[in-house]
Amino acid sequence: MKRKNQRTKLLVLAAGLAGVLILIYALGLLIPEKAVEGSFLEAGRPPCLSHPFGTDALGRDLLARTLKGLSVSITVGIVASGVSAGIALLVGIASAMGSRQVDAAVNWIIDLVMGIPHTVLILLISFALGRGMTGLLAGIAATHWCSLARLVRGEVLQQRSRPYIMVSRRLGKSGGWILLHHLFPHLGPQFLAGLVLLFPHAILHEASVSFLGYGLPPEQPAIGIILSESMRYLSAGMWWPAVLPGAALLGVVLLMDRLGEQLRRVLDPVTAQE
Amino acid sequence: MALEAKNVFFRYTRKSPWVLEDCSLTIERGECVAVTGPSGYGKTTLARLLAGWQTPDKGEILADGKPLPTRGPCPVQLICQHPQEAINPRWKLRKVLEESGKLQEDRLGEFGIERAWLDRFAGELSGGELQRFCVARALLSGADYLVCDEISTMLDGITQAQIWETVLKEAKKRNLGIAVITHNFHLAKKLGSRRIDLTAR
């Protein structure tokens, strides 16, 4: 009967996944600039022992560049989706708990933002804020909160009419206490799922906007930039600059997805004590 | 010292018919009053009004001569028919009891609650077990009046008897006023010193 607690196992697994992500991030930061300098003697090498991911057309080591790029991607993903999900949480709660006017205003803004194609809006915001990392992050964060905000609003509206909220109020609990103790536990899984789903979105938008020249500067080793550069050489038979960094990006997104899933299982009472 | 409903009118929307029309009743402290009536006669609505979950359109609800407070602990506590809905499924049951004040672990036995249940979630206990938590929560909150809305309808005979025994013992000790809302005439006869029939109006 006394087997290892499922919750402990899940937590260990989640910690392991988070550890791998942090490791990739740290490796990207620790790799010196020198490692990504080009050398034309080494240009266009397919994967070999000294260059496991090969080199690109300018002779830069692709493994080092990919790791650096992944750490940029993880930063963009976490910051942009975190800020975006935070906005969604605040806006969703304000919409559900506030007056009818607040609700109407929020819904109008959500419709407005959702009505404009993401890429166009990100381009505008990123350009207005002077491109680079700041502009890009602001652009992605400002465009991705809408659907999650709607979800949060719906969840709050659904939960606040439940009898246990009424019981809590009659037991003398304040609105803030109820929000914190009754509603937040219900919003947690939605929030996490939203965060995880935003992560690949943010990375891919970063890549596409950088590709169009309105995001990160071209010398920065971001995955989006590596991929867009690789397109030029793909027809010459250089498959490795596209495939390997792409697969690495996919791996990171999947890791993030697993991490979110583990956290959800720990937090959900149906599976938490299995 | 009584819980009073004075000429209460209530309807759910402005266009719907009155659920309760000119309804008055008094429940003294230390008294157990049974409110009976068939389905759809406003038993649950009356329970919600008495406990301040809803406010009457006309008339007033007074506890010890004062209107029910809109914030802060309410002297009238309602125990609902469905314990599953009255307990947050994402909480451990320890927190459910702590919500009504400090957890008194030595008193759990009186309510038929086992200590091991405290670390479980609501989905891991049966309806009868959960209802004991709802009863304990209402009684430990320090309320002066209890409104029991069909609290034992879906329980087996033994559990039903146990829960009522707990409620009545506590009521006697603290001189609580109790409104028992039920459509079970036998239960009403057994518990109530007085019976109020909603079909009579």
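Of everything in the range B:120-163, what is crowded, with 21+ Cβ neighbours inside 10 Å and away from chain A (no Cβ under 14 Å)? Give them in sequence order. Within the range B:120-163, B:Arg132, B:Ser152, B:Ile163 qualify. Candidates are the residues of the range A:205-250 that are aliphatic (A, V, I, L, M) and surrounded by fewer than 17 Cβ atoms within 10 Å (Cβ to Cβ); the one that is farthest from A:Leu67 (Cα to Cα) is A:Ala236.
Let's see how each residue does on (1) more than 30 Å from A:Gly59 (Cα to Cα); (2) of a type in the set (D, E, K, R); (3) out of contact with any Gly (no Cβ under 8 Å at 6 or more places or on another chain):
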site	(1), (2), (3)
A:His144	yes, no, yes
A:Leu157	yes, no, yes
A:Arg162	yes, yes, yes
A:Lys173	yes, yes, yes
A:Leu183	yes, no, yes
A:Val209	no, no, no
A:Pro217	no, no, no
A:Trp240	no, no, no
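Taken over the range B:3-62, the criterion of being part of a loop (DSSP other than H, G, I, E, B), more than 14 Å from chain A (Cβ to nearest Cβ) and either surrounded by 14 or more Cβ atoms within 10 Å (Cβ to Cβ) or touching a Leu at 6+ places or on another chain (Cβ under 9 Å) (or both) is satisfied by B:Arg11, B:Trp18, B:Val19, B:Arg29, B:Gly30, B:Glu31, B:Gly37, B:Pro38, B:Tyr41, B:Gly42, B:Pro56, B:Asp57. Do you know which residues across the range A:149-180 are out of contact with any His (no Cβ under 9 Å at 6 or more places or on another chain), charged (D, E, K, R) and closer than 18 Å to A:Phe191 by Cβ? Correct list: A:Arg150, A:Arg153. B:Thr199 - would you say it is open to solvent by 40 Å² or more (accessible area, probe 1.4 Å) and over 15 Å from the mean Cα position of the chain (by Cα)? Considered against the rule, which asks whether it is open to solvent by 40 Å² or more (accessible area, probe 1.4 Å) and over 15 Å from the mean Cα position of the chain (by Cα), B:Thr199 comes out as yes. If you check B:Pro83 against the conditions, is it within 20 Å of B:Val167 (Cα to Cα), out of contact with any strand residue (DSSP E or B) (no Cβ under 7 Å at 6 or more places or on another chain) and buried (at least 18 other Cβ atoms within 10 Å of the Cβ)? So B:Pro83 passes the test. Looking at the range A:131-172, which of the residues that are buried (at least 19 other Cβ atoms within 10 Å of the Cβ) and not in a helix (DSSP H, G or I) is farthest from the other protein chains (Cβ to nearest Cβ)? It comes out as A:Arg131.
When the range A:16-48 is filtered for residues that are β-branched (Val, Ile, Thr) and either out of contact with any helix residue (DSSP H, G or I) (no Cβ under 6 Å at 6 or more places or on another chain) or not in a loop (DSSP other than H, G, I, E, B) (or both), the ones remaining, listed by number, are A:Val20, A:Ile22, A:Ile24, A:Val36.
The values are calculated or read from the model by the stated rules, or taken from the named source; none is laboratory data. A quick note: this is a predicted structure, and the numbers were derived from the prediction, not measured. A quick note on method: Cβ atoms are made from the backbone with ideal geometry, for glycine too, and the neighbour counts reach across all protein chains shown. All accessible areas refer to the heavy atoms of the entire protein, side chains included, with ligands and DNA or RNA removed. Shrake-Rupley method; radii C 1.70, N 1.55, O 1.52, S 1.80 Å.
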